[in-house]
Amino acid sequence: MSSDDFYALYYDLLYSHRDIRGETDFLERVFREHAKIPVRSVIDVGCGTGLHSVELAKRGYRVLGVDISEAMIRRAKEKAAGLENASFIVADARALELSERYDAAIAMYGVISYFTSDGDLLRFLRSVRGVLREGGVFVFDTWNVLGVLEKRSYYETPSTHFRKSGSMLAVKEEVWRIDALEQVAYADISWSVIDLRSGSVDVRSHSLKLRLFTIRELRHFLSDAGFEVAAMFEDYACRPLAESSSELVVVAVAR
Ligand SMILES: C[S@@+](CC[C@H](N)C(=O)[O-])C[C@H]1O[C@@H](n2cnc3c(N)ncnc32)[C@H](O)[C@@H]1O
């Protein structure tokens, strides 16, 4: 099995601690409160296995999920079987060329942090703006450099986390190295997926380079790409953003 297939197959187990219904409640609230047009269609950029796409489609939205990974899109299509209002395509989010425009865009779970160069970041934001209707909203989450630096020793100390679903157990070992001057984190992550029935173990490792943002640069890049920031939160519970928040959720409106 390729690494791509491994992550697509086990993604929902590896992230089974997440409250996708709660996050989708948040999205619906933001659509109601911040979009300047009624939200009926949503593009899920970097959709992975379609966690939010499927939940939004079940709630009646017309959804297009986009991901650069063929394996993720295959898995998303399997999960959305029978949902006629959900479709999925393999595409690079930095260069979306679609005939349709959407009322809302989402990029959940740090997708924007993958674009570590300013050029890629702007290509990504302009590409998302290009597929949104004027007055539509763009919702995404990422890392606040100030909060991450405040908890630097926590992130840079190796940690182990467990996820369990049915007879499957996943063990995550993770450590970050933060380059504060460049505003990036290098995350080394190793997953051991154990089938408790058969005793088989599959181990994979990967490294990620993640961009950490200041609020002012986010506002600047979003404005450059045709967005205006409408709200920022610490999390999907709408807790107010503080200096010490390591994560941040941004709601931007397409001008
Ligand atoms: C951390 S996952 C998040 C998946 C999903 N949004 C979620 O909430 O679980 C990041 C996703 O972004 C996708 N991705 C990375 N670079 C991309 C690009 N240039 N264009 C489209 N998708 C990309 C990856 O394949 C991966 O599925």
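The values are calculated or read from the model by the stated rules, or taken from the named source; none is laboratory data. Here the structure is a predicted model, which is why all the values come from computation and not from measurement. Virtual Cβ from ideal backbone geometry, glycine too; neighbours counted across all protein chains shown.
Taking the options Asp19, Asp67, name whichever one is modelled with pLDDT of 95 or more and farther than 18 Å from Gly130 by Cα. Talk me through it step by step, then tell me what you get.
Values: Asp67 fails: farther than 18 Å from Gly130 by Cα.
None of the other options fit; the residue is Asp19.
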* **Restricting the stretch 136-158 to residues that are touching a residue at least 12 places away in the same chain (Cβ under 8 Å), out of contact with any Lys or Arg (no Cβ under 8 Å at 6 or more places or on another chain) and surrounded by fewer than 17 Cβ atoms within 10 Å (Cβ to Cβ), the residue that is farthest from Ala187 (Cα to Cα)** => Glu150
* Which residue out of Ala187, Ala180, Ala170 is in contact with a strand residue (DSSP E or B) (Cβ under 6 Å, 6 or more places away or on another chain) and either farther than 23 Å from His52 by Cα or buried (at least 20 other Cβ atoms within 10 Å of the Cβ) (or both)? -> Ala187
* Structure fact -> Checked the stretch 42-69 for anything more than 6 Å from the ligand (Cβ to nearest atom) and on the phi > 0 side of the Ramachandran plot; matches are Gly50, Gly60
* Structure fact -> Selection over the stretch 19-42 where residues are touching a residue at least 60 places away in the same chain (Cβ under 8 Å) and either buried (at least 16 other Cβ atoms within 10 Å of the Cβ) or of a type in the set (A, V, I, L, M, F, W, C) (or both) yields a count of 11
* Can you name the residue in the stretch 94-124 that is under 22 Å from Glu33 (Cα atoms) and away from the ligand (no atom under 11 Å from the Cβ) and is also nearest to the chain's Cα centre (by Cα) among such residues? -> Ala105
